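As structure tokens, the structure follows; a few thoughts come after it.
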Amino acid sequence: MTHTPHMPLVAVPEPETTQIYDAETSWQKPWPHISPLLYKAPFFSFGPFLFSILIALVVGIGSAYLSLNRGSPFSALESGVWVAHPHAGTVDSDPYSTAIFARTGRVPLGSGEGIAFYAAFDDSGRALDPQCNYRIAGRVPATRLWTITALNNALELLATDAGRASLHSHGILTDQTGAFAIQVSPEARPGNWLPTGGSNGLVFAMRLYDIPYTTGAGLSAPVMPAVELVSCK
């Protein structure tokens with residue numbers, strides 16, 4: 001029997017191929033090989049992606065919630081501490097303003113009815129407190145009728161011991177020039193008294209009906225009365 005010696009195995013190198021980039025056919029090439037280890041560690045491969053999606057959802061939904069529940073409509077008209085949104089409820093209203101009023105259930109005055117100004121701070125920049133005493137003094141623009149109402153931070157009517165939380169121009173005492181002074185307090189005051197109370201914040205709402213700012217004559221900020229802090233308990 002003839003013995004054939006084992007021949008050593010020699011690795012024959014494969015011929016080198018030069019990769020030629022072809023813009024028309026390169027997209028047809030197969031995907032590169034993916035290591036099976038990636039499938040055994042799903043957190044490290046897909047975790048950052050899922051975490052990014054989660055962060056985006058939280059930020060997006062959270063910002064939308066804050067904008068609709070605590071945000072303020074755009075295109076504000078400011079006069080001192082008073083702020084109004086003359087485009088609210090009109091065809092010129094921005095989407096955020098429309099969504100805010102739809103979410104909160106508030107009904108803005110129509111463009112032909114009037115304009116509503118809100119004040120949440122006094123002239124010194126302090127947030128209004130329903131347990132403090134204030135003085136609202138000055139004049140308002142020429143208007144057929146105006147009202148002032150005490151609201152809480154949710155813009156709901158205050159529940160007061162006097163059974164009311166508003167005044168109107170037909171029942172206001174004024175001087176010869178038409179200026180007035182309103183005493184705001186949880187306790188009865190002589191003269192023009194606007195009752196307050198509760199502990200859920202304080203916001204003044206002054207609504208001006210049939211003024212030039214709502215009839216197309218202009219949208220420059222009118223001069224509004226001052227809101228002065230008198231005392232606090």
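The values are calculated or read from the model by the stated rules, or taken from the named source; none is laboratory data. Values in this document were obtained by computation on a predicted structure and should not be read as measured data. Please note that ligands, DNA and RNA were not included when accessible areas were found on the heavy atoms of the full protein model with its side chains. Shrake-Rupley method; radii C 1.70, N 1.55, O 1.52, S 1.80 Å.
Remarks
- The Rg/Rh ratio of segment 165-204, with both radii computed over alpha carbons and Rh defined as the Kirkwood radius, is 1.01.
- Note on segment 105-211: with neighbouring protein chains present and a 1.4 Å probe, carbon and sulfur make up 50 percent of its accessible heavy-atom surface.
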